[in-house]
Amino acid sequence: GPLYAGVFKQLSMKAKLLQIPCVSPLTQQSKILYNNTLVSKVNPSQYTIIERLADFCLDSLRLNSKICIVNATQKDAPYVKAFKKRYNDGILKINKSIKDTISELKGLSAVKNSFVIEKNNVVVLLTNNPVYLQDFITQLSVSSSKKNVILFGFESVTSIDNLDQGYLNDLNFHFATANHIDYTDINTIDLIKQYQQMYFSDPSESYFEGFDIGMYYLNNLKLKGLDMFINLEQLTYTGVASGFKFSRPDVSSGYENRAISIYKYSNFKLKKLGWK
């Protein structure tokens with residue numbers, strides 16, 4: 001800690017003068033990493049998550065899919081721009097024409113009119129607006145029968161109160177996340193039992209994330225000493241809820257965790273895909 005970006009930035013700059021490493025467990029903002037190689041950030045930024053979604057589409061869906069991205073609201077325009085840039089940069093790296101890219105569409109009608117029969121129709125919807133999402137996803141599900149539609153978006157879609165989860169299942173909804181708890185996993189079950197025995201209540205998601213952070217940093221600190229903080233990119237780990245795979249934007253910056261997994265709805269269950 002500290003938990004929040006403003007105070008963390010102040011403390012980490014003071015700590016830098018004393019060569020003290022600092023770990024940010026919650027903040028998504030990448031600006032806390034700038035000009036401080038002793039800072040590491042566990043929670044990936046929203047843009048890192050978007051980049052991983054674009055990478056997955058490029059790696060796994062490009063050859064047999066028609067991909068479009070929805071220009072939902074003005075507030076979400078930076079998300080659309082970030083996704084397209086990452087995807088197009090990837091296209092160029094594999095020597096494909098920049099014309100082999102994704103379509104940016106406005107509104108549900110434009111999306112439906114773009115569907116083709118012979119391929120998967122991938123719809124990327126990067127917004128956190130619950131009203132827009134509920135209306136769009138409901139209508140898309142109703143009108144997309146037998147059209148091989150695959151919907152991509154943020155994990156927040158899965159927690160919209162009035163959204164029928166059956167629609168997400170029908171649309172093969174995919175999302176990327178750095179933290180996901182499988183309550184059927186034996187390790188998760190054991191941790192819940194320990195928490196209940198001690199506190200006589202059920203744990204929040206933060207309990208599992210905190211456990212993983214402690215296991216990663218404290219175990220590596222015991223084994224590697226303080227040198228671990230300048231070699232985090234060499235130290236990967238898969239915890240109960242979170243993974244750890246660090247990289248730096250540049251040589252003068254700190255480390256961001258980029259361990260992000262792709263999940264999809266399949267037969268009314270969440271399935272973690274093996275893509276890395």
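The values are calculated or read from the model by the stated rules, or taken from the named source; none is laboratory data. Remember, it's a predicted structure, so these values are computed and weren't measured experimentally. Please note: Cβ atoms are built from the backbone with ideal geometry, for glycine as well, and neighbour counts cover all protein chains shown. Heavy atoms of the whole protein, side chains included, go into the accessibility calculation; ligands, DNA and RNA do not. Shrake-Rupley method; radii C 1.70, N 1.55, O 1.52, S 1.80 Å.
Taking the 1.4 Å solvent-accessible surface of segment 1-90 as the whole, the part contributed by carbon and sulfur is 57%. Average accessible surface for segment 141-276: 57 Å² per residue, computed with a 1.4 Å probe over protein heavy atoms with every protein chain in place. Given in Å, the Rg to one decimal and the Dmax to the nearest whole number for the Cα atoms of the chain are 20.4, 62. Ranked by the mean number of other Cβ atoms within 10 Å of their residues, highest first, the peptides 61-74, 252-265 come out as 252-265, 61-74. Applying D = kT/(6 pi eta Rh) to segment 204-248, where Rh is the Kirkwood radius over alpha-carbon pairs, T corresponds to 25 °C and eta to 0.890 mPa s, the Stokes-Einstein value obtained is 226 µm²/s. Whole-Hz Karplus values for segment 163-172 come out as 8, 5, 5, x, 5, 5, 5, 4, 8, 6 Hz, taken residue by residue from phi with 6.51 cos²θ - 1.76 cosθ + 1.60 and θ = phi - 60°; glycine and proline positions read x. Per-residue ellipticity at 222 nm computed for the chain from its helices equals -11500 deg cm²/dmol, with DSSP H segments shorter than 4 residues left out and the rest contributing -39,500 (n - 2.57). For segment 76-87, backbone phi angles converted through the Karplus equation (6.51, -1.76, 1.60; θ = phi - 60°) give residue-by-residue couplings of 8, 4, x, 5, 4, 4, 5, 5, 5, 5, 4, 5 Hz, Gly and Pro being listed as x. Put simply, the amide H of Val149, placed in the peptide plane, has neighbours under 5 Å in Asn121, leaving out anything fewer than 5 places away on its chain. Here the dipole of the chain is about 900 debye; that uses its Cα centre as origin and unit charges on the Cβ of Lys and Arg (positive) and Asp and Glu (negative).
You can think of it this way: the chain between Leu63 and Glu155 has 30.6 nm of extra reach, that is 0.36 nm per residue less the Cα-Cα gap.
The modelled label-to-label distance for the pair Thr101/Gln10, using points 7 Å beyond Cα in the direction of Cβ, is 4.3 nm.
In segment 141-276, the inverse of the mean reciprocal separation of distinct Cα atoms equals 17.4 Å; this is its Kirkwood hydrodynamic radius.
In this structure, the residue pairs whose Cα-Cα separation is over 26 Å, taken from Lys14/Lys75; Lys85/Lys224; Lys16/Lys75; Lys66/Lys264, are Lys14/Lys75; Lys85/Lys224; Lys16/Lys75.
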